[in-house]
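The values are calculated or read from the model by the stated rules, or taken from the named source; none is laboratory data. Being a predicted model, the structure only gives us computed values, none of them experimental. A quick note on method: Cβ atoms are made from the backbone with ideal geometry, for glycine too, and the neighbour counts reach across all protein chains shown.
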Amino acid sequence: MLNRIILIGRLTRDPELRYTPQGTPVAAFSLAVDRPFTNQQGQRETDFIDCIAWRKLAETVGNHLAKGRLVAVEGRLQVRSYTAQDGTKRRVAEVVADTVRFLDRPREGGAPVEPELAGEEEVPLPDDLPF
């Protein structure tokens, strides 16, 4: 079985970085993703997809991304249920991100972004390479 999703879209709001009671970072953000076809009026419709990132990736997303930034998110679809405060049962579908690629530069005045590929560890190269 396979559960993989790849999305390219723009953040609809600044990521919300929080920490669990155990201190684990978690960032919630939403992407606007255009559909690949137009409607009867000739306009593209947009889907707004909730995403979540954990641990180091959450901190990178929370510290370096903002509303309007173009990103690629790769992860898995997760559907969960909960009971709301009014007693109704709710279902939520969200993408749990494994990697987030920054596809544009921050606007002027923004901090430069070092990681182009957040969520993947950088592997140091040996010193004795011939190039």
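For the reader, a short list of remarks on this structure follows.
- Across segment 7-45, the number of residues qualifying as among the β-branched types (V, I, T) and within 10 Å of the chain's Cα centre (by Cα) comes to 1.
- Answer from G75, G9, G62, G68 - the residue that is surrounded by 12 or more Cβ atoms within 10 Å (Cβ to Cβ), in a loop (DSSP other than H, G, I, E, B) and not aliphatic (A, V, I, L, M): G68
- Criterion violated by R90 - all others in (1) out of contact with any Phe, Trp or Tyr (no Cβ under 9 Å at 6 or more places or on another chain); (2) modelled with pLDDT under 95 satisfied: (1)
- All positions within segment 32-59 that are among the aliphatic types (A, V, I, L, M) and either exposed (fewer than 10 other Cβ atoms within 10 Å of the Cβ) or in contact (Cβ under 8 Å) with a residue 60 or more places away in the chain (or both): A53, L57
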